[in-house]
1. So is residue 102 within 30 Å of residue 131 (Cα to Cα), modelled with pLDDT under 95, part of a strand (DSSP E or B) and of a type in the set (Asp, Glu) or not?
2. Do we find a residue being assigned to a strand (DSSP E or B) and either among the hydroxyl-bearing types (Ser, Thr, Tyr) or under 24 Å from residue 128 (Cα atoms) (or both) anywhere in segment 10-28?
3. Would you mind finding the one in 73, 65 that is in contact with a helix residue (DSSP H, G or I) (Cβ under 7 Å, 6 or more places away or on another chain), within 15 Å of residue 17 (Cα to Cα) and of a type in the set (Gly, Ala, Ser)?
4. Checking the conditions here, which among 123, 46, 113 is touching a residue at least 40 places away in the same chain (Cβ under 8 Å), aromatic (Phe, Trp, Tyr), surrounded by fewer than 16 Cβ atoms within 10 Å (Cβ to Cβ) and more than 18 Å from residue 8 (Cβ to Cβ)?
5. Being in a strand (DSSP E or B), out of contact with any Gly (no Cβ under 6 Å at 6 or more places or on another chain) and polar (S, T, N, Q) is the filter here, so list the residues in segment 29-77 that pass it.
6. If I filter segment 65-91 down to residues being more than 30 Å from residue 130 (Cβ to Cβ) and among the aliphatic types (A, V, I, L, M), which single residue comes out as surrounded by the most Cβ atoms within 10 Å (Cβ to Cβ)?
7. Within 19 Å of residue 21 (Cβ to Cβ) and among the small types (Gly, Ala, Ser): does that describe residue 47?
Amino acid sequence: MQAYPLRLSPGDDLRVALEDVLCQFKLRAAFVIQGIGSLSVAQLRFAGDEDPTELRDNLEILTLAGSISSDGAHLHMSVANPQGRVFGGHVARGCRVRTTAEILLALLPEYSFSREYDISSGFMELVVRNEPPLE
């Protein structure tokens, strides 16, 4: 495992930038350990909903965590609006960094993550495989 601190800039799409890290390092697996910062737009899919809800405001990222695979990212985030109201859910594309996002990733070169249908949950779930690093 290799720790990789990352700072995103104003206007960056949070999810797209994190998914791009795997391509940049030619990896198949990473975890987002934590993230803080601010957003101008958050796209969060709340539990049980099929589509994300868009929040537009000066939003503070309180927590950010998840996994990243070649199939995409599975991220959860909580954000607070200027009144301190907190919203949380699955991170969709379209979350725009307002001033900064400071993220700590755990890069896992000897693993691959994929999403496969799990009959017991009825959802695409994480499958972890120990595999040699990509060359």
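1. Spelling it out, it is not the case that residue 102 is within 30 Å of residue 131 (Cα to Cα), modelled with pLDDT under 95, part of a strand (DSSP E or B) and of a type in the set (Asp, Glu).
2. yes
3. None of the other options fit; the residue is 73.
4. From the options 123, 46, 113, the qualifying one is 46.
5. 34, 38, 40, 53, 58, 63, 67, 69 - these are the residues of segment 29-77 that are in a strand (DSSP E or B), out of contact with any Gly (no Cβ under 6 Å at 6 or more places or on another chain) and polar (S, T, N, Q).
6. 79
7. Criteria not met by residue 47.
Each row is one residue, and each column tells you yes or no for (1) at pLDDT below 95; (2) farther than 19 Å from residue 109 by Cβ; (3) in contact with a Ser or Thr (Cβ under 8 Å, 6 or more places away or on another chain).
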position: 7; (1), (2), (3): no, yes, yes
position: 35; (1), (2), (3): no, yes, yes
position: 42; (1), (2), (3): no, yes, no
position: 70; (1), (2), (3): yes, no, yes
position: 79; (1), (2), (3): no, yes, no
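The values are calculated or read from the model by the stated rules, or taken from the named source; none is laboratory data. Bear in mind the structure is a predicted one, so any value in this text is a computation, not a measurement. Note that we place each Cβ from the backbone using ideal geometry, even for glycine, and neighbour counts take in every protein chain shown.
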